[in-house]
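Asker: Dumping the structure here so I can ask a few things about it.
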Amino acid sequence: MTEPSSDPWGYVPALESAELARLRDEYLLFVGGSFSDGSGERTTGVNPATTERLAGVPTTTESDVDRAVAAAEEAFRDRWSRLAGTERAKYLFRLGRLLQERTRELAVLETLDSGKPVKQAGDFDLPNAAAYFLYYAGWADKLDYAGFGPAPEPLGVSGQVLAWNFPLLTLACQVAPALACGNTVVIKPAETTPLSALVFAELCEQAGLPAGVVNVITGGAEIGDRLLTHPDVAKPVFTGSTEVGKRIQHRLAGTGKRPTLALGGNGTNIVFSDAAQEQAVQGVVDGAFFNQGNVCGAGSRLLVEESIAAEFVERVRDRVRTLRVGDPLDRNTDVGALNSAAELDRITRLVEAGEAEGAEKWTSPCALPGRGYFVAPTVFSGVQQSMRLAGEEIFGPVLSVLTFRTPQEAVGKADNTPYGLTAGVWTEKGSRALWTARQLRTGVVWANAFNGFDPTAPFGGNRESGSARTGGQAGLEAYLDV
Amino acid sequence: MSEGEQPVSGRERVTVPKTYKLHIGGSFPRSESGRVRTVEDAGGRFLANAAVASRKDLRDAVAAARKGFETWSGATARNRGQVLFRVAEMLEDRREQFTSLVSDAEGLSREQAAATVDTAVDRIFWYAGWTDKIGTVLGGANQVSGPYTSHSAPEPLGVVGVLAPRHSSLLGLVSVLAPVIAVGNGAVVLVDRERPLPAVTLCEVLATSDVPGGVVNVLTGDAGELAPWLASHADVNALDPTGAPESLRAELERNASGTAKRVFDAPAAEPDWNRDPGLRRMRAFTGLKTVWHPLGA
Amino acid sequence: MADSPSPSRARTTPGPARLPPDLADAARGGATLERFLHGLPGVDRVGLEQRAASLATRSVKKDAKLRAVDTAIGMVDLTTLEGADTAGKVRALAAKARNPDPQHVGAPPVAALCVYPDLVADAVAGLGDSGIGVASVATAFPSGRSTLRAKLAEVELAVDSGADEVDMVIDRAAFLSGRYAQVFDEIREVRAACGAAHLKVILETGELGTYDNVRRASWLALLAGADFVKTSTGKVAPAATLPVTHVLLQAVRDWRERTGQLRGVKPAGGIRTTKDAIRYLVAVHEVAGPEWLSPLLFRFGASGLLNDLLMQRRTQLDGHYSGPDYVAVDL
């Protein structure tokens, strides 16, 4: 196997300028159509790749939640729900266009705030976010034809607590259908990644969106809980960990509100011996290490047919070796920084646990930056179904390898988890690919592919992955009284 | 009766009463607890002793439902439809019997009860026809931007816990049960103490209609006692709290949150079951599966 | 030849004797060859093309770009394959091959000059002792539609005239109709006729239809003793593409893994700009590995590419954009 030893020319860093992000020194909340400070103390946002200060960010108290919900409620009652679908559609269209126009700026901003590679932010997060708005713009005036009966009604104010792994994309996945259906929203981005949502507020202003239709507040878990359980929030939406999702469902019990929960996963790639090997390697590596593995649908487990396991895993390692870990602003970086010190700590402990359980650890010999929250891509082989690595959501750049002998065993092992979000299956035999896809108890199956994502294709899971679907006409259901 | 024995009177015959048991995994066991509860008609007349299911019965029922689900969800949609049509036929065939049962249970006139039974037959018939159509209505081709074919289809969630409506003993029951199984789930149905007899007799219909054992499991007894255990059971994938009194709803939902179960958004009060049910329940007890495959020669 | 190692002379000739048993079996030709080729893992078109597109977004700038440009210049098989080619045109190209950019010191010579067999002697004369190889197409290029006798006669003409490298075309008709053994035997015969000259086997991937076929043809050629697998004649569209080159690079990488032998890859046709060339180098780097970044193992079959590389080189060195009037245009 080829070692990356004598590199005749290599890549010099191809850095995106941080200035493209047009960072402000201080950011403000967006409530009722105007920017204002929060009533908590101001804090600072940090670049996880450098641990340096990015900008000042407001913090909030319950009173900020209350006024944001009140603004959204008023906007729902007096403006947004009275507006014809066609007009709402044009506002969504404007938001989609603005996202397209400011893609490069927002990609750099997202990278600075989250640690994800700028190439991915620019090539995946932003285009998909814009596509979501453009797609749902088209639904706003066609709701009668969405299959929920005539004239489905919006619910009211949707409180949305979003995730840090795809800050702007998860926003788009929820805000676009919410607005298309005639709801208004109060958005609370993740505490560690608030900037793109706060800049999205500027886009709303540029789009001329009626005041109060979109409100953005900052804050941590307590503010999130307050928002989701606010009596005037008709539709609580949470994107994030299963643990928190359960807590929210618990707190909302008996209120008559059905939260929309988009939770974690423990995705699996099943590789049969007849797979198109190169592409399977690519899919497995992408599945596990895309966005540093910080993907709810990440393929953090590899189930490979025993007869090809040794060679295949070797090839996976070879490919992982070529992943470039480092400065997220470098366009040649494949794997960026973890989002926070806490995440780095969590992954480190999980890796230690994997070793202690007896799995064989291999770590990419890539160089890591001297500061920032980086971890080298890691592959564990010899993982057994009983180990934590096989059962838990990993949510980091760690791949666990298990083997199987028969298709039935592969499906059984893949489904042997409380989650049910994504899976991949790799085989050149069509009937086997489709059989496996049918058997798997996940919401998404990529056959001979991984990570396909599109606003027209419903995405979401079963069991402890939460039952929400984003995308497609199914994505409207959460926001309609149907 | 051995030969030579005579009835008490020449004209009157003493009937052989039915023991109303549970329905688990296709069989009709007594409750493991041995407990029964007296069931009376609307006028307070003794009707029967119904089994009171225990937590052990509940565990058995969930395990049976998991097995039933594996079989049932693996059957073709057309086959599930044929079985449900058969259920409708068998129910129609027992129209008189169910009319009496419903009349007794709900205190309806025979006429009203018969109309209810007819609607129940029609409801099953309606859902039977849906089994092989719901996929095209709820799912479809996703027009993704890229060299892929992508389609989404509704799939059953697994085991669904159902709290049967407390008032409408047959039509209500059928209206909550049929959508759950039409789309391929296995069901564990808790039937509360007041009107359990039509439910148990419905199980006899199911058992003679080629519904595989375990697809529908019915536990009579004290729903309030068992429901929290059903809601928290980790091998139950969704919960329909329709028959739960409002006082119990919050607890059930809290219990369901332990495994992030889907809880059907059931109205607080029992609805008018004569209304067009729509797709809501079938949507609620399915999850879309989206499958992608690249297109390339 | 001069002291500078000629790219085409620096390598050992691979021999089937050193193959591991399964490959040696396949290299017997006939049915075992067919079984082997059909047992190769498939190629998923979409996945392959996505990876190729994704690697193509690697950014190579500044110093790395200058190094890449020089590396690329040294890999060019400067090619002229027109009916109107004359001794004069070949001489002009030879001069350019030896010193592509007289005004800027340090521009490396190209790897080889690639011509039709009857012009090999002119190329040899024009290149003198420069160490630059002379490559000749042969075997009824570009269609391959002739008898084996005629094909071998062409190879002999090229080799006798001093060609260091022979670029043969495979019989696509035989390949597509499943007569793998025929293709295999023909390559073997040509290989033998080449003597010391190195053999590049042109698969004409644009006519093979699927990536699965490209992979099979690559392995077939390697098994038959090709020193290089080459994508295209340049006379059929599509010629070289990034994904197809990925498949070839995978094949030589896997071949090395299985046999320890190094074989080369040559995309040809349609590579016109520095940007294109650098994308190919990124693919070489990441798919096969850094040691393939050498003219010994990677070549560009191109004509216009050289001028663009030279202009980019000037841009890097002079700090302003260059123009076509500042490089020798081949007419």
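The values are calculated or read from the model by the stated rules, or taken from the named source; none is laboratory data. The structure presented is a predicted model; accordingly, all values stated were derived computationally and were not measured. Cβ sites come from the backbone with ideal geometry, for glycine too, and all protein chains shown count toward neighbours. Calculation scope for accessible area: heavy atoms of the full protein, side chains included, ligands and nucleic acids excluded. Shrake-Rupley method; radii C 1.70, N 1.55, O 1.52, S 1.80 Å.
Asker: Would you grab the residues whose amide H sits under 5 Å from the one on C:Val166? Only those 5+ places off in sequence or on another chain, please, with H modelled 1.01 Å from N.
Answerer: C:Ser136, C:His198, C:Leu199, C:Lys200
Asker: Grab the DSSP H runs of the protein assembly as shown that are 4 residues or longer, score each as -39,500 (n - 2.57), total them, divide by all residues and round the 222 nm result to the nearest 500 deg cm²/dmol. Walk me through the intermediate numbers first.
Answerer: Working: 37 runs with 442 residues, N = 1110.
Rounded to the nearest 500, the figure is -12500 deg cm²/dmol.
Asker: Here is a further query. Eigenvalues of the Cα gyration tensor times 5, then square-rooted: what semi-axes does that give for chain C, in whole angstrom, largest first? Kindly include the intermediate steps, with their values, before the conclusion.
Answerer: Values: eigenvalues 187, 111, 58 Å².
Equivalent ellipsoid semi-axes, largest first: 31, 24, 17 Å.
Asker: Any idea which of C:Val284, A:Phe93, A:Phe35 is furthest toward the positive side of the dipole for the protein assembly as shown, if Lys and Arg beta-carbons carry +1 and Asp and Glu beta-carbons -1?
Answerer: Result: C:Val284, furthest along the dipole toward the positive end.
Asker: Quickly work out the A:Asp123-to-A:His250 label distance, labels modelled 7 Å from Cα along the C-beta direction, and quote it in nm with one decimal.
Answerer: Placing both labels 7 Å along Cα→Cβ, they lie 4.2 nm apart.
Asker: How much net charge surrounds C:Leu199 when only the other residues with a Cβ under 9 Å from the Cβ of C:Leu199 are counted, with Lys and Arg +1 and Asp and Glu -1?
Answerer: Numbers: positive: C:Arg191, C:Lys200; negative: C:Glu165, C:Asp167, C:Asp227.
Once positives and negatives cancel, what remains is -1.
Asker: While we're on this one: Counting only DSSP beta bridges with both residues in the protein assembly as shown, what percent are antiparallel, rounded to the nearest 5? It would help to have the intermediate numbers written out before the result.
Answerer: On the way: 35 of 118 bridges.
Here the antiparallel bridges make up roughly 30 percent for the protein assembly as shown.
Asker: Continuing with this model, one more query. Roll a 1.4 Å probe over the protein chains and send me the accessible area per residue for chain B in Å². Intermediate values should be presented prior to the final figure.
Answerer: On the way: 12670 Å² over 297 residues.
In whole numbers, chain B has 43 Å² accessible per residue.
Asker: So for region C:33-130, Kirkwood radius off the Cα pairs, Stokes-Einstein at 4 °C and 1.567 mPa s: how many µm² s⁻¹? Walk me through the intermediate numbers first.
Answerer: Values: Rh = 16.8 Å.
So the translational diffusion coefficient is about 77 µm²/s.
Asker: Any idea of A:Lys116's accessible area? Nearest 10 Å², probe 1.4 Å.
Answerer: 0 Å²
Asker: Using only the Cα atoms of chain B, build the gyration tensor, take square roots of its eigenvalues as a ≥ b ≥ c, and label the shape rounded, prolate or oblate: rounded if a/c is under 1.5, else prolate if a/b is larger than b/c, else oblate.
Answerer: Working: a/c = 2.03, a/b = 1.74, b/c = 1.16.
Cα axes put chain B in the prolate bin.
Asker: Right, next: Just subtract the alpha-carbon distance of A:Glu74 and A:Glu205 from 0.36 nm times their residue separation and send over the number in nm, one decimal.
Answerer: Details: separation 131, 0.36 × 131 = 47.16 nm, distance 1.74 nm.
Separation in residues times 0.36 nm, less the Cα-Cα distance, equals 45.4 nm.
Asker: Kindly write out, for region A:162-177 in residue order, the coupling ³J(HN,Hα) from the Karplus curve 6.51 cos²θ - 1.76 cosθ + 1.60 (θ = phi - 60°), rounded to whole Hz, with x marking Gly and Pro.
Answerer: 10, 9, 8, 7, 9, x, 7, 5, 5, 4, 4, 4, 9, 5, 4, x
Asker: To the nearest hundred square angstrom, how large is the accessible surface buried between B and A, total for both chains, probe 1.4 angstrom?
Answerer: Working: alone 14330 and 18760 Å², together 30180 Å².
What B and A bury together is about 2900 Å².
Asker: For chain C, find the longest principal axis of its Cα atoms and tell me its angle to the long axis of helix C:180-194, 0 to 90°, nearest 10.
Answerer: 50 degrees
Asker: Let me know the charge dipole size of the protein assembly as shown about its Cα centre in debye, to the nearest 20, where only the beta-carbon of Lys, Arg (+1) and Asp, Glu (-1) is charged. Let's see the in-between values first.
Answerer: Numbers: 117 positive and 131 negative charges, 161 e Å.
For this selection, approximately 780 debye.
Asker: Considering only DSSP beta bridges where both residues belong to chain A, give the percentage that are antiparallel (nearest 5). Please list the in-between numbers first.
Answerer: Values: 16 of 53 bridges.
Expressed as a percentage, antiparallel bridges in chain A total about 30.
Asker: Further, regarding this structure: Go ahead and run the numbers for FRET between A:Arg405 and A:Val12, Cβ-Cβ distance against an R0 of 60 Å, rounding to 0.05. Kindly include the intermediate steps, with their values, before the conclusion.
Answerer: On the way: r = 47 Å, r/R0 = 0.78.
With R0 = 60 Å, the Cβ-Cβ based efficiency is 0.80.
Asker: Here's another thing I want to ask about it. Quick query: amide H of C:Thr79 versus all other amide H atoms, modeled in the peptide plane; which residues come in under 5 Å with a sequence gap of 5 or more or a different chain?
Answerer: Here the answer is C:Cys114, C:Ala302, C:Ser303, since their amide H atoms fall under 5 Å of that of C:Thr79.
Asker: Tilt of helix C:45-55 relative to the longest C-alpha principal axis of chain C, in degrees (0 to 90, nearest 10)?
Answerer: Its long axis makes an angle of about 30 degrees.
Asker: Moving to a separate point now. May I ask for the Kirkwood hydrodynamic radius of region A:423-482, worked out over all distinct Cα pairs and given in angstroms to one decimal? Don't jump to the answer; show the numbers that get you there.
Answerer: Values: mean 1/r = 0.0791 Å⁻¹.
Kirkwood radius, region A:423-482: 12.6 Å.
Asker: Something else: Please give the FRET efficiency for B:Arg59 paired with B:Phe28, using the beta carbon to beta carbon distance and R0 = 25 Å, rounded to the nearest 0.05. Don't jump to the answer; show the numbers that get you there.
Answerer: Values: r = 18 Å, r/R0 = 0.71.
Calculated transfer efficiency: 0.90.
Asker: Nothing charged except the Cβ atoms of Lys and Arg (+1) and of Asp and Glu (-1): what's the magnitude of the dipole of chain A about its Cα centre? Round to the nearest 20 debye.
Answerer: Details: 45 positive and 58 negative charges, 177 e Å.
With Lys and Arg at +1 and Asp and Glu at -1, about 860 debye.
Asker: Could you state, as a whole-number percent, how many of the C-alpha pairs of chain A are farther apart than 41 Å? The partial results should precede the final answer.
Answerer: Working: 19831 of 115921 pairs.
Every Cα pair in chain A considered, those over 41 Å come to 17 percent.
Asker: Taking R0 as 60 Å, what FRET efficiency do you get between C:Leu40 and A:Glu153 from their Cβ-Cβ distance, rounded to the nearest 0.05?
Answerer: 0.55
Asker: Also: Tally Lys/Arg at +1 and Asp/Glu at -1 over every other residue whose Cβ is under 14 Å from the Cβ of A:His250; what's the total?
Answerer: On the way: positive: A:Lys246, A:Arg247, A:Arg251, A:Lys257, A:Arg258, B:Arg249, B:Arg254, B:Lys261; negative: A:Asp225, A:Glu243, A:Glu464, B:Glu251, B:Glu253.
It works out to a net charge of +3.
Asker: Compute and list, largest first, the equivalent-ellipsoid semi-axes of the protein assembly as shown from the alpha carbon gyration tensor, each √(5λ) rounded to a whole angstrom. Write out the running numbers ahead of the final one.
Answerer: On the way: eigenvalues 868, 261, 108 Å².
In descending order, the three semi-axes are 66, 36, 23 Å.
Asker: If I take the Cα coordinates of region A:330-482 and project them onto the principal axes, what are the three extents in Å, biggest first?
Answerer: Principal axes ranked by extent give 51, 40, 29 Å for the Cα atoms.
Asker: Something else now. Using θ = phi - 60° and the Karplus relation 6.51 cos²θ - 1.76 cosθ + 1.60, list the HN-Hα couplings for region A:65-79 in order, rounded to whole Hz, with x at every Gly or Pro.
Answerer: Residue by residue, region A:65-79 yields 4, 4, 6, 5, 5, 4, 5, 5, 5, 5, 5, 5, 5, 8, 10 Hz.
Asker: Need one number: nm distance between label points at B:Arg95 and A:Thr43, each 7 Å from Cα along Cα→Cβ, rounded to one decimal.
Answerer: With each label placed 7 Å out from Cα toward Cβ, I get 6.9 nm.
Asker: Out of all DSSP beta bridges with both ends in region A:268-447, state the antiparallel percent to the nearest 5.
Answerer: Percent antiparallel among DSSP bridges in region A:268-447 is about 15.
Asker: Ordering C:Tyr280, C:Tyr326, A:Tyr419 by accessible area with a probe of 1.4 Å, largest first, what comes out? If you can, show how the numbers build up before the last one.
Answerer: Working: C:Tyr280 15, C:Tyr326 145, A:Tyr419 35 Å².
Listed by decreasing accessible area, they come as C:Tyr326, A:Tyr419, C:Tyr280.
Asker: Quick one: pull the percent of accessible area on the protein assembly as shown belonging to carbon and sulfur, 1.4 Å probe, ligands and nucleic acids left out.
Answerer: Numbers: 20590 of 40810 Å².
Taking all protein chains in place, the protein assembly as shown shows 50 percent carbon and sulfur surface.
Asker: For region C:235-331, what percent of Cα pairs sit more than 23 Å apart? Display every interim value, and only then the final one.
Answerer: Working: 1550 of 4656 pairs.
Result: 33 percent of Cα pairs exceed 23 Å.
Asker: For the Cα atoms of chain B, what angle does the longest principal axis make with the long axis of helix B:55-74, in degrees from 0 to 90, nearest 10?
Answerer: The two axes meet at around 50 degrees.
Asker: Can you find, among C:Gln103, A:Gln279, A:Gln120, the residue farthest towards the positive end of the dipole of the protein assembly as shown? Put +1 on the C-beta of Lys and Arg, -1 on that of Asp and Glu.
Answerer: Going by the Cα projections, it comes out as A:Gln279.
Asker: Let me ask something else about it. For a quick check: with amide H placed at 1.01 Å from N, whose amide H comes under 5 Å from B:Val189's, ignoring anything fewer than 5 positions away on the same chain?
Answerer: The list, which skips near neighbours in sequence, is B:Val162, B:Asn217, B:Val218, B:Leu219.
Asker: Okay, moving on. How much accessible surface area, in Å² rounded to 10, belongs to the heavy atoms of C:Asp118 with a 1.4 Å probe?
Answerer: Counting only protein heavy atoms, the figure is 110 Å².
Asker: Let me ask something additional. Along the charge dipole of chain B, Cβ charges K/R +1 and D/E -1, which of B:Thr76, B:Ala250, B:Pro277 sits furthest on the positive end?
Answerer: Farthest towards the positive end: B:Thr76.
Asker: Based on the alpha-carbon set only, what is the convex hull volume of region C:201-279 divided per residue, in Å³?
Answerer: Details: hull volume 6.4 nm³, N = 79.
Looking at region C:201-279, the number lands at 81 Å³ per residue.
Asker: Let me ask something else. What longest range of chain B stays clear of loop-exposed trypsin sites (Lys or Arg not before Pro) (DSSP non-H/G/I/E/B, at most 12 other C-beta within 10 angstrom)? Don't skip to the answer; put the middle values down first.
Answerer: Working: sites that count: B:Arg11, B:Arg13, B:Lys18, B:Arg45, B:Lys133, B:Arg275.
Excluding the exposed sites themselves, the longest stretch runs over B:134-274.
Asker: State to the nearest 20 debye the size of the charge dipole of region A:268-447 about its Cα centre, where the only charges are +1 on K and R beta carbons and -1 on D and E beta carbons.
Answerer: Numbers: 18 positive and 22 negative charges, 48 e Å.
The calculation lands at about 220 debye.
Asker: Apply the Karplus parameterisation 6.51 cos²θ - 1.76 cosθ + 1.60, with θ equal to phi minus 60°, to every residue of region B:226-243 and state each ³J(HN,Hα) to the nearest whole Hz, in sequence, with x for glycine and proline.
Answerer: Karplus-based 3J(HN,Hα) across region B:226-243 equals 8, 4, x, 6, 5, 5, 8, 4, 6, 9, 9, 9, 7, 9, 10, x, 3, x Hz.
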